[in-house]
1. From the set of residues in region 102-123 that are in contact with an Asp or Glu (Cβ under 9 Å, 6 or more places away or on another chain) and surrounded by fewer than 23 Cβ atoms within 10 Å (Cβ to Cβ), which is nearest to residue 174 (Cα to Cα)?
2. Is it fair to say residue 36 is on the phi < 0 side of the Ramachandran plot, modelled with pLDDT of 85 or more and over 22 Å from the mean Cα position of the chain (by Cα)?
3. Taking region 53-101 only, how many residues are modelled with pLDDT of 85 or more, part of a loop (DSSP other than H, G, I, E, B) and among the acidic types (Asp, Glu)?
4. Pairs under 6 Å by beta carbon, first residue closer than 14 Å to residue 93 by Cα in region 104-129, partner part of a strand (DSSP E or B) and of a type in the set (S, T, N, Q), six or more apart or different chains?
5. Which members of region 184-203 meet the condition of being assigned to a strand (DSSP E or B) and of a type in the set (D, E, K, R)?
Amino acid sequence: MSESMTREAALRIALAARELPGLEARALVLALAEKLRLPLTETKLAAVSVEDLCEILAGDHADESCALGFDNDRLKAAVRPLWGIGVAGSELPALEPYDADELPASIRVAVASNSGENLDGHFGSCERFLIYQTSPAALRLIDQRSTLAADQAAERNAARAELINDCHIVYVQSIGGPAAAKVVRAGAHPVKIPKAAPAREVLSRLQQSLVKPPPWLAKVMGVPAASLAPYLEAATAEQA
């Protein structure tokens, strides 16, 4: 079984089992493997919700309101290490706190990723999307969205696009025309960066552009393009 998961995945499961008194780590591994299928990876574990854990532990009795002897607080405590929270040296980067009223003039950006905090994924095959709230002065990683569930959908690319329908931009290494159309319909603007790079390095360049956005970015942001300002002023003067 150990060959069917990474060392960190095994550590996460062991820490989760500690939060569930009376449940051995081996039993939790078997239950997770039955639900998620092998190999058990950090990406799969990061996608497990409290409701998923309830069903996984209940097994054939999942329709009985998950009568396991574990209250909701216990289950919440158990999923946190599965997500990598509090696990030192995690492959997945730590999320940063963010409230909706913070970072004025910011946009939300998705990054296709397969490893760490890198832009190194293709839209149709990446393991996760890293979600950043981005303003000219600040950059925060606020979410990580596994594509595991989306890949079970009949329309995989449409399901992946829905994962990022609250984002203004999605950075990918590559994306096909039909998939790009689905992303645009979901409300995001796809940008291709063929060469893999650290996500924050790519986004730092975007931050500089947010100060005086070019026309395509201004359209995404829903603000006038700074480069068009002289023409707008001239048109206004003529109308006057």
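The values are calculated or read from the model by the stated rules, or taken from the named source; none is laboratory data. It should be emphasised that the depicted structure is a prediction, and the values quoted were computed from it without experimental measurement. For neighbour counting, all protein chains shown are included, and Cβ atoms are generated from backbone atoms with ideal geometry for every residue, glycine included.
1. 114
2. no
3. Qualifying residue count, region 53-101: 2.
4. Filtered contacts from region 104-129: 128/113; 128/144; 128/146.
5. Hit for region 184-203 is 192, nothing else.
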